[in-house]
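Structure first, then comments.
The values are calculated or read from the model by the stated rules, or taken from the named source; none is laboratory data. A quick note: this is a predicted structure, and the numbers were derived from the prediction, not measured. In this analysis, Cβ positions are derived from the backbone assuming ideal geometry, glycine residues included, and neighbour counts consider all displayed protein chains. Ligands, DNA and RNA are stripped out before the accessible areas are found, and what is left, the full protein with its side chains, is counted by its heavy atoms. Shrake-Rupley method; radii C 1.70, N 1.55, O 1.52, S 1.80 Å.
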Amino acid sequence: MSDLARLKELLVEPKHIVITTHHKPDGDAMGSSLGLFNYLSQKGHFVRVITPSDYPSFLQWLPNNPEVIIYTEKPEESKEFIAKADIIFCLDFNSLSRINELGDLVRDSKAIKVMIDHHLEPEGFDDFRHWTINACSTAQLIYDFIVTIMDEKDLINKDVATCLYTGIMTDSGSFRFPTTTAEVHRIVAELINAGAENSKIHQLVYDNFAENRLRFLGHCLLNKLEVFPEYNAAIIVIRKEELEKYHVSTGDTEGIVNYALSINGIRLAAMIIERPDKVKLSLRSTGDFPANEICKKYFNGGGHRNAAGGSSDDSIDVVREKFNTIFPEYKTLLIQ
């Protein structure tokens with residue numbers, strides 16, 4: 001990987017730049033992408049954010065959200081921008097498989113690739129890398145990129161601060177996860193000083209759901225939650241007909257697995273969702289329990305130790321049954 005000082009030199013003159021992030025972007029993905037967009041736009045670059053898929057409505061208030069291009073809705077326009085790009089920033093993912101069809105376009109592009117991310121085991125497609133698993137979010141790394149590497153703290157205006165605050169807040173679990181260090185709080189204070197309205201941002205992200213989402217949550221907790229006290233574990237299994245019944249849209253399932261983890265004594269929680277193309281999984285854990293290991297070993301996935309995801313081409317019943325083997329295998333870690 002080249003020295004980031006060289007990247008700073010490349011960004012002195014206006015460039016055509018594409019910013020992309022992972023499939024079904026979350027708060028950190030969109031916050032870091034639009035934060036970087038707002039920063040680079042101030043420097044006179046020609047910038048576009050291209051997402052591989054749609055994303056939750058509760059993130060679409062972010063500054064300059066109308067500038068985002070969704071690849072599945074505008075594939076030809078997306079291809080044109082990628083073909084023109086001098087630099088492609090890849091945020092909040094470290095494997096091109098995470099951006100679906102965009103992955104081949106990015107891989108084949110002659111543009112310089114820059115990865116800014118905090119997930120384990122980077123694939124190695126990048127020319128420049130700002131990466132550490134110790135960051136609570138990619139938005140934190142974008143802040144560090146602007147302030148430390150580019151030495152342009154003065155360009156963190158209200159729009160940049162709002163986006164980065166959103167990314168840090170959501171990926172730190174509202175500042176409660178272990179990666180929320182004293183340094184993270186210092187960064188957040190600087191973002192508030194720069195104009196981020198913390199209480200308003202929290203309201204727009206967490207108190208901005210449709211009625212059906214709340215009813216769906218109630219259904220999950222009342223009817224779909226399985227608790228296994230002998231393993232300190234819990235599972236929520238959602239079938240496609242239930243998604244249809246409650247008109248579940250992108251983002252409506254986000255965070256539900258955390259309710260299972262909030263039960264006293266639970267160390268591992270899993271949410272299994274039957275999507276049209278495959279079964280998706282979201283795992284959360286506490287302490288040093290390796291949720292990412294389970295996702296990597298059994299479900300073609302990975303992530304962080306306490307927050308990981310995966311998928312399977314098996315039926316939802318087969319996926320659910322796998323946990324009858326997984327729980328005993330990890331019993332020692334689960335009950336310690």
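Brief remarks follow.
- Screening D104, D127, D159, D151 for residues that are open to solvent by 50 Å² or more (accessible area, probe 1.4 Å), closer than 13 Å to G31 by Cα and modelled with pLDDT of 95 or more leaves exactly one candidate, D159.
- Taken together, M169, M115 contain a single residue that is more than 23 Å from G302 (Cβ to Cβ), surrounded by 22 or more Cβ atoms within 10 Å (Cβ to Cβ), under 17 Å from the mean Cα position of the chain (by Cα) and of a type in the set (A, V, I, L, M, F, W, C), which is M169.
- Pair list, Cβ < 8 Å and 6+ apart or interchain, from the stretch 36-61 residues that are farther than 16 Å from K74 by Cα to residues that are part of a loop (DSSP other than H, G, I, E, B) and basic (K, R): H45/K15; F46/K15
- Contacts under 6 angstrom Cβ, first residue in the stretch 122-151 being more than 21 Å from I192 (Cβ to Cβ), partner open to solvent by less than 50 Å² (accessible area, probe 1.4 Å) and among the hydroxyl-bearing types (S, T, Y), 6 or more apart: E123/S95
- Looking across the stretch 1-45, the residues that are small (G, A, S), out of contact with any Asp or Glu (no Cβ under 7 Å at 6 or more places or on another chain) and closer than 22 Å to I201 by Cα come down to G31, S33, G35.
- Of all residues in the stretch 162-192, those satisfying the criterion of being more than 14 Å from S137 (Cα to Cα) and in contact (Cβ under 8 Å) with a residue 12 or more places away in the chain are T162, E190, L191, I192.
- Condition broken by P63, with the remaining ones in (1) out of contact with any Ser or Thr (no Cβ under 7 Å at 6 or more places or on another chain); (2) at pLDDT 95 or above satisfied: (1)
- Set side by side, the residues E230, E242 differ, and just one is over 19 Å from G27 (Cα atoms), open to solvent by less than 40 Å² (accessible area, probe 1.4 Å) and at pLDDT 95 or above, which is E242.
- Residues that are open to solvent by 30 Å² or more (accessible area, probe 1.4 Å) and charged (D, E, K, R) within the stretch 1-40 comprise D3, R6, K8, E9, E13, K15, K24, D26, listed in sequence order.
- Residue match in the stretch 294-315 (condition: of a type in the set (S, T, Y), under 17 Å from the mean Cα position of the chain (by Cα) and either at pLDDT below 95 or over 20 Å from R176 (Cβ atoms) (or both)): yes
- Residues satisfying the stated conditions in the stretch 1-25, i.e. closer than 19 Å to S137 by Cβ and modelled with pLDDT of 95 or more: I19, T20, T21, H22, P25
- Pairs with Cβ under 7 Å, 6+ apart, first in the stretch 314-325 and touching a residue at least 24 places away in the same chain (Cβ under 8 Å), second surrounded by 11 or more Cβ atoms within 10 Å (Cβ to Cβ) and not aliphatic (A, V, I, L, M): I316/R239; I316/E274; V319/S312; K322/Y298
- Just one of the listed residues (I316, I263, I326) is within 29 Å of S53 (Cα to Cα) and surrounded by fewer than 21 Cβ atoms within 10 Å (Cβ to Cβ), and it is I316.
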